[in-house]
Amino acid sequence: MRVRIKGDALCTLILVIALCTLFYRQLRKHPQNQDNITKKPAKESKIPAGTVNSKKHLEPDVRLGKAKLLSEVYNAEVGSEEAKLTIPVSPTQSPFDFQLYLRSKDHRNFSLLINQPNKCRKNLEGPFLLIAVKSIVEDFDRREIVRKTWGREGVINGVRVQRVFLLGTPRNETAVSMWGSLLQQESHFYKDILLWDFIDTFFNLTLKEIHFLSWADKFCENVKFIFKGDADVFVNVENLVNFLRPQSPLEDLFVGDIINHAKPIRSRKSKYYIPETMYGLGNYPAYAGGGGFLMSAVTMKKLSRACEEVELFPIDDVFLGMCLQRINLKPVLHEGFKTFGITKPSAAPHLQTFDPCFYRDLMVVHSLRAAEIWLMWNLLHSQQLPCSQRQRIKKPFHWKRKKAKQTTKGITN
């Protein structure tokens, strides 16, 4: 009997050891599962500016100064577009949790994890133009294209131009491992990264708007003008500078591709869906397409204060229009801003829209791939540009509609 009891106990012990071994191997294969089990609710960040809150944070290698190495590391860590993790959305639900947004919308002050406090203080006069570009952690390649082309820092047409990129933390930190260390290295080398402690999503772009304006008011108070745009735009900075030269930074200025009388989208399938309970008016106030716009220093300061008074709205373009309405400033439309891309008009079917001679007279063009931005910038700055100064069109092409007979064809009263 004793031998039998000992044998049963030995078998039980062996089975327990085998189960523990299998469980341990599973944890090693899927370490994120363990993190999800043991992870505690995040407390409000108290990390000083210039650091990143990341468990995998590594000290930046001061000797690492080559952008190529950074690019290779990013590509290896981030992987292909198809490999990025996404959060599935039920087809019967709205792609945005409005209840959660309404409950947390008053939380609008987030820590600045990486700062550039001396960006505008390298000289007493400050930069003539500050370029602020919205970006996300994964898009290192796009930031590199901007740095190497239209977003170059230095003296352009006789004025000083500086640059910053605006980022939040990635939605899924496990999908972008070592992101904190990589951003530290990138910031150490380029000194143009601004990172805040809010999750970088489409509906959090409003947070990026108000935090940048607050940063500019505090750390870049001596700037003359600001251009703010996306990383997928082509910008002719020389044209911006020429346009701004006769302007006064002490007077209100807000210029871009202005949208008037836009109506809220009520379709739940739309990315821009807004329920009537959140915005009950028939039209939005006039606002600029977020692909890119210009503003003066005095307007920046006014908007920074207005953002603190206006209730947050999940669409950043419209929210800024509400702030403009708050300070009673009407934005100015400029034909050189094509923030919805260039659509080939029916009146000119043979017009080549991707033409350096055509881009030369524009200021901002939205929705371009990184390779197209690089190619257009190099074509425009080539000494063998196919169009000469004499060929410049004196009167800009007007995107006219068809004649009345054509547009009303087939319509009866």
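Tabulated data
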read-out: Sites L385 and E276, calculated FRET efficiency, Cβ-Cβ separation with R0 51 Å, nearest 0.05; value: 0.50
read-out: Average silhouette area of the range 203-337, convex hull of alpha-carbon atoms, in square nanometres; value: 8.5
read-out: Table column - 3J(HN,Hα) (Hz), the range 147-154, Karplus curve with 6.51, -1.76, 1.60, x for Gly and Pro; value: 4, 8, 10, 6, x, 5, 8, x
read-out: Ranked W215, W196, W150, criterion: other C-beta atoms within 10 Å, fewest first; value: W215, W196, W150
read-out: P(r) of the range 275-333 over all Cα-Cα pairs, binned every 5 Å from zero, in whole percent; value: 4, 17, 30, 28, 13, 5, 2, 0
read-out: Long pairs among K191/K271; K148/K263; K148/K269; K119/K263; K122/K302, criterion Cα-Cα beyond 29 Å; value: K191/K271; K148/K263; K148/K269; K119/K263
read-out: Along principal axes, Cα extents of the range 232-308, largest first, whole Å; value: 44, 29, 19
read-out: Computed lengthening from D355 to T201, 0.36 nm per intervening residue step minus Cα-Cα distance; value: 52.1 nm
read-out: Packing-based order for 358-366, 331-339, using average beta carbon neighbours within 10 Å, highest first; value: 358-366, 331-339
read-out: R171 long-range amide H proximity, modeled H, under 5 Å; value: D200
read-out: Amide proton proximity set for V332, modelled H, under 5 Å, gap of 5+; value: F254, V255, G256
read-out: Ranked by how many other beta carbons lie within 10 Å on average, peptides 239-248, 202-211 from highest; value: 202-211, 239-248
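Every number here is computed from the coordinates shown, using simple stated rules; none is lab data. This is a predicted model, so every value here is computed, not measured. Here Cβ is always computed from backbone atoms with ideal geometry, including for glycine, and neighbour counts include all displayed protein chains.
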